[in-house]
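Right, one structure below, let's go through it.
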Amino acid sequence: MALSYLHYDVFTAKPLLGNQLAVFTDAQGLDTAHMQAIAREMNFSESTFILPNERPDTDIRMRIFTPFNEMPMAGHPVVGSTFALARDGRIARGRADWSFGLNIGPTPVSLEWMADRLSFAWMTQLKPTFGKTITDTAALAAALGLDADAVPTPGGQEVNCGSNFFIIPMPSAWCAFSHFHARR
């Protein structure tokens with residue numbers, strides 16, 4: 001099976017830097033198992049598969065896969081695929097808004113153009129919902145390989161804006177980074 005795709009480096013202006021993304025601009029006829037197998041073969045953090053829209057409030061359907069599973073949504077694939085579709089002419093030059101149909105539902109993107117080239121894309125995520133908290137900071141610090149006093153109380157909270165994440169407040173990014181790498 002021959003499929004064409006665009007290879008993007010997202011969040012960078014320099015080639016071979018940033019987050020790699022494979023954008024399959026015509027995924028019609030591929031089932032979930034094939035998309036997952038292709039994403040595993042690409043072995044990028046994510047690959048996107050563009051399909052016709054399924055709802056009148058979206059412009060296009062997009063499915064996002066890591067090498068191991070399908071994601072409900074993810075930011076860098078949405079932004080990267082927006083640039084790919086603009087470059088490919090699927091998003092008309094100068095258009096101000098676009099909407100992807102993702103597994104979480106419609107996901108709007110605002111577009112900024114510089115002459116006839118897309119220069120910036122703003123993705124609107126779902127409003128956050130807040131879930132479980134971890135109060136046993138000693139156990140959390142041990143699980144992360146940090147000193148017990150490195151994790152403030154409360155230890156963190158589950159936050160979802162389309163995908164679940166666990167947010168752990170740290171005194172500084174450098175503190176978290178240096179503790180993590182010092183423990184490896």
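Observations on the structure shown:
- With respect to (1) among the aliphatic types (A, V, I, L, M); (2) farther than 22 Å from GLY29 by Cα; (3) assigned to a loop (DSSP other than H, G, I, E, B); (4) touching a residue at least 24 places away in the same chain (Cβ under 8 Å), the lone exception for VAL79 is condition (3).
- Boolean, PHE11 is buried (at least 18 other Cβ atoms within 10 Å of the Cβ) and of a type in the set (Phe, Trp, Tyr): no
- Check on ALA37, of a type outside the set (Ser, Thr, Tyr) and within 21 Å of ASP9 (Cα to Cα): no
- For ARG55, the test of being in contact with a strand residue (DSSP E or B) (Cβ under 9 Å, 6 or more places away or on another chain) and surrounded by 14 or more Cβ atoms within 10 Å (Cβ to Cβ) is failed.
- ALA86 meets each of the listed conditions (1) modelled with pLDDT under 90; (2) under 26 Å from ASP9 (Cα atoms) apart from (1).
- Scope the range 135-163; condition of a type outside the set (Ser, Thr, Tyr), out of contact with any strand residue (DSSP E or B) (no Cβ under 6 Å at 6 or more places or on another chain) and within 30 Å of ASN103 (Cβ to Cβ); matching residues: ALA143, LEU144, CYS161, GLY162
- Matching residues, the range 124-162, being buried (at least 18 other Cβ atoms within 10 Å of the Cβ) and part of a strand (DSSP E or B): GLY156
The values are calculated or read from the model by the stated rules, or taken from the named source; none is laboratory data. Computed from a prediction, not measured in an experiment: that's the story for all the values here. Quick reminder, even Gly has a Cβ in these numbers, built from the backbone with ideal geometry, and neighbours come from all protein chains shown.
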